[in-house]
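**Student:** To start, I am sharing the structure in question, which I have written as C-alpha cells.
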Amino acid sequence: MRVVVVNWRDLGHRQAGGAETYATRVAHALAGRGHEVTYLTARDAGQGARDWDGAVAVRRLGGRWTVYPLALLWLLLRRRRIDMVVDCQNGIPFFTPLAVGGARVLQVVHHVHTDQFGVHFPAWLAAVGRWLEGPAARRVYRRAATVAVSPSTVDAMRTRLGWRGPVHVVPNGNAAAPDDLPPRAATPTIVCLGRLVPQKRVDHLIDAVAGLLPRVPDLRLHVIGGGQEEAALRARVARLGPEVGAAVTVHGRVTEAVKSELLGRAWLNVTLSDGEGWGLAVLEAAAHGVPTVCRDVPGLRDSVRHDETGWHLLPGEPVADILHRVLTDLADPVAADRVAAGCRDWAARFDWADTGARFTTVLERHTRDRASHGWSPGMPEAAVAEFAPSDLAHLVDAPGGPGWLLAEQCPPADLLDALRTAGARRVAVRAASATERLLGRAIPAGTHHRPHSRS
C-alpha cells in the first residue's frame, strides 16, 4: 500500500520527543512490510523540504501552524494515489479525513491535551483547542479507527473527549540498556529525563530538591533533555543560590553514551508531568534499573507500576516528602537491587519490533474492514477468551497449556459466539486487564504480570 504518516515533527526537529520516535518507528515498520511510506511533517530551521530516511521518504511543509493546512492540501492533491493515512494527533488534529476520507485513516493519539491547552495558550485559544480535540475531532474522525499508546489514554478519550469510535492499544517500544553501565552512585542521585517544556513541571522538581537539601545534603539532581524551558531552568537554579547550584545540573541534550552513564549512576528518575501518553523516558530509565516517581496521571499510571517499578504521588503529597522516603528506602542495597530487577523485567516486555508488528496488524485489518464498528458504553475495550486447545486444534497451536485469544473492540458475546461456531465448547470470556491490553496477550491467573507464549 501507499501509506502517508502525518506527524507534527520528525526526529530531526529541535523539539522532537517521544511522539516523533513512535511515528518514525511505525513508519519504518510499515516500510519493512513492503508498504511505500511517506513521512509528512513540518519543516524546522535548517531542514530541507525533502529527505530520505532509509526506506521512508520525508516531505516537510510549513512551520508550527502552517503545516496543518499545507498537509491537508498536499494530501488532497494526491488522494487518489494514497491508500492509507496514519494521522498522529498532538493536541491539535490534522483532520486528514477531510482530504482522503475517514475510512482510509488510522489516527494515533498519545494523550488527551484538554488541561494542557490552558498552560500554553490564552483562555479563548485554549477553548478553541479543546473544541478541536473534542467535538470537532469526534465528528471528523467518526469513520476512522484509532490507536492509543496506553489503556489510560483510551479511558481519557472515553471520559474526557466522549470518544465512541474503536480504539486499539499499541504501546511504545523500548531499547535495551548497554551492558557496561557504571555502578550506582554512592550518594543519593536523581535524574529527570525528558523534554524541557512547561507541562513537565521540572521547575517544581528543582524547588523540591532545593527544599530537601537540608535533610539530604549530598543529594544530586541531573536534568537531561532539551527544550524551550532549558535556559529558564538554568536561571532558576542560579537564583536559588550556590548550594542548589552545586546539587542541580541542567545538562540539556546529551549523547546516548552520556545519558546511559547518568542513568546508570542514578537512584531514581522523577517526572512531575501533567500527563503523558505513555512515558517513553520512564521505560528508558527502567531499562537501566532506575525506578520512577511520578504523578498518578494517564499514561504514567500504566508505564510506572506502583510499588514495583516506581511510585505514584498521592494527591496533595509534598514532592520532597516522597523523595525523602523513597531515597531512604533505596539506600538499602537489597531493596535497591530488588526494585532495579523489577524495573528491568518490566522494561524488557516492550520492544519496537513488537510495537511495529502490532501497529501494522491494526492498520492492515482496518484496510480490509473499513466499516468502523464503534464502541458502546459498558463494553470492555478488550476481551480474553480462554479455552481448551483440543477444542480448536485445527485453528490454534497451544501444546502444553490453555489456548487463548485477546480481541480488542469486540463485544464478549460476539467473541464467545465466534469461538463456539469454530468448535470450542469449553470457553471462558472475561474483560482484559490493562496490563494484558498493554502486552497484547493474556496473563493466566496466578502468573502476576509475566506474559506466557502466544497461542
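The values are calculated or read from the model by the stated rules, or taken from the named source; none is laboratory data. Because the structure is predicted, anything quoted here is derived from the model rather than measured. Cβ atoms come from the backbone with ideal geometry, glycine included; neighbour counts cover every protein chain shown.
**Student:** Picking from P122, P97, P93, which residue would you name as being closer than 28 Å to A434 by Cβ and either more than 17 Å from the chain's Cα centre (by Cα) or outside the structural domain of G17 (by TED's automatic domain parsing) (or both)?
**Tutor:** Result: P93 is the single residue among P122, P97, P93 that is closer than 28 Å to A434 by Cβ and either more than 17 Å from the chain's Cα centre (by Cα) or outside the structural domain of G17 (by TED's automatic domain parsing) (or both).
**Student:** Same structure, new question: Which pairs have Cβ atoms under 6 Å, sit 6 or more apart or on different chains, and link a residue in the stretch 80-108 that is under 18 Å from L30 (Cα atoms) to one that is modelled with pLDDT under 95 and among the small types (G, A, S)?
**Tutor:** As it stands, the answer is V105/A144; L106/A145; Q107/A144, since those pairs meet every condition given.
**Student:** Please find, within the stretch 290-299, the residue that is nearest to A434 (Cα to Cα) out of those that are modelled with pLDDT of 95 or more and of a type outside the set (S, T, Y).
**Tutor:** C294
**Student:** State all residues of the stretch 306-322 that are surrounded by 14 or more Cβ atoms within 10 Å (Cβ to Cβ) and either under 17 Å from G279 (Cα atoms) or touching a helix residue (DSSP H, G or I) at 6+ places or on another chain (Cβ under 6 Å) (or both); if no residue qualifies, say none.
**Tutor:** Listed by number, the residues that qualify are E308, T309, G310, W311, H312, L313, V319, A320.
**Student:** Return the total of residues in the stretch 231-256 being surrounded by 19 or more Cβ atoms within 10 Å (Cβ to Cβ) and not small (G, A, S).
**Tutor:** Residues meeting the conditions: 5.
**Student:** Something else now. Being part of a loop (DSSP other than H, G, I, E, B), acidic (D, E) and either within 30 Å of the chain's Cα centre (by Cα) or not assigned by TED's automatic domain parsing to the domain that holds I322 (or both) is the filter here, so list the residues in the stretch 208-235 that pass it.
**Tutor:** Within the stretch 208-235, just E229 meets the criteria.
**Student:** Let me ask you something else. Might you let me know whether the stretch 134-157 holds any residue that is part of a loop (DSSP other than H, G, I, E, B), among the β-branched types (V, I, T) and surrounded by fewer than 20 Cβ atoms within 10 Å (Cβ to Cβ)?
**Tutor:** The answer is no; no qualifying residue exists.
**Student:** Is it true that T255 is among the polar types (S, T, N, Q), more than 20 Å from L212 (Cβ to Cβ) and within 23 Å of the chain's Cα centre (by Cα)?
**Tutor:** Considered against the rule, which asks whether it is among the polar types (S, T, N, Q), more than 20 Å from L212 (Cβ to Cβ) and within 23 Å of the chain's Cα centre (by Cα), T255 comes out as yes.
**Student:** Being assigned by TED's automatic domain parsing to the domain that holds L98, surrounded by 14 or more Cβ atoms within 10 Å (Cβ to Cβ) and closer than 26 Å to S150 by Cβ is the requirement here; does D53 meet it?
**Tutor:** When the stated conditions are applied, D53 does not pass them.
**Student:** Out of A266, A238, which single residue is touching a Gly at 6+ places or on another chain (Cβ under 8 Å), farther than 21 Å from T21 by Cα and not assigned by TED's automatic domain parsing to the domain that holds A148?
**Tutor:** A238
Matching residues to (1) of a type in the set (V, I, T); (2) closer than 30 Å to P178 by Cα; (3) in contact with a Ser or Thr (Cβ under 9 Å, 6 or more places away or on another chain):
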site	(1), (2), (3)
R215	no, no, no
G225	no, yes, no
L233	no, yes, no
R253	no, yes, no
E256	no, yes, no
L262	no, yes, yes
A266	no, yes, yes
V270	yes, yes, yes
L280	no, yes, yes
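**Student:** Select from the stretch 158-174 the residues that are part of a loop (DSSP other than H, G, I, E, B), out of contact with any strand residue (DSSP E or B) (no Cβ under 8 Å at 6 or more places or on another chain) and either among the β-branched types (V, I, T) or surrounded by 15 or more Cβ atoms within 10 Å (Cβ to Cβ) (or both) and list them in ascending order.
**Tutor:** L161, R164, P171, N172, G173, N174
**Student:** While we're looking at this one, here's another question. Being outside the structural domain of H222 (by TED's automatic domain parsing) and under 30 Å from A348 (Cβ atoms) is the requirement here; does D115 meet it?
**Tutor:** no
**Student:** When you check A144 against the structure, is it farther than 26 Å from D83 by Cβ, among the aliphatic types (A, V, I, L, M) and in contact (Cβ under 8 Å) with a residue 12 or more places away in the chain, yes or no?
**Tutor:** Answer is no for this residue.
**Student:** Name the single residue, out of those in the stretch 187-207 being modelled with pLDDT of 95 or more, touching a helix residue (DSSP H, G or I) at 6+ places or on another chain (Cβ under 9 Å) and not in a helix (DSSP H, G or I), that is surrounded by the fewest Cβ atoms within 10 Å (Cβ to Cβ).
**Tutor:** Ranking the candidates gives T189 first.
**Student:** OK, next. Can you tell me which residue in the stretch 97-115 is nearest to V170 (Cα to Cα), limited to those that are assigned to a helix (DSSP H, G or I) and touching a helix residue (DSSP H, G or I) at 6+ places or on another chain (Cβ under 6 Å)?
**Tutor:** P97
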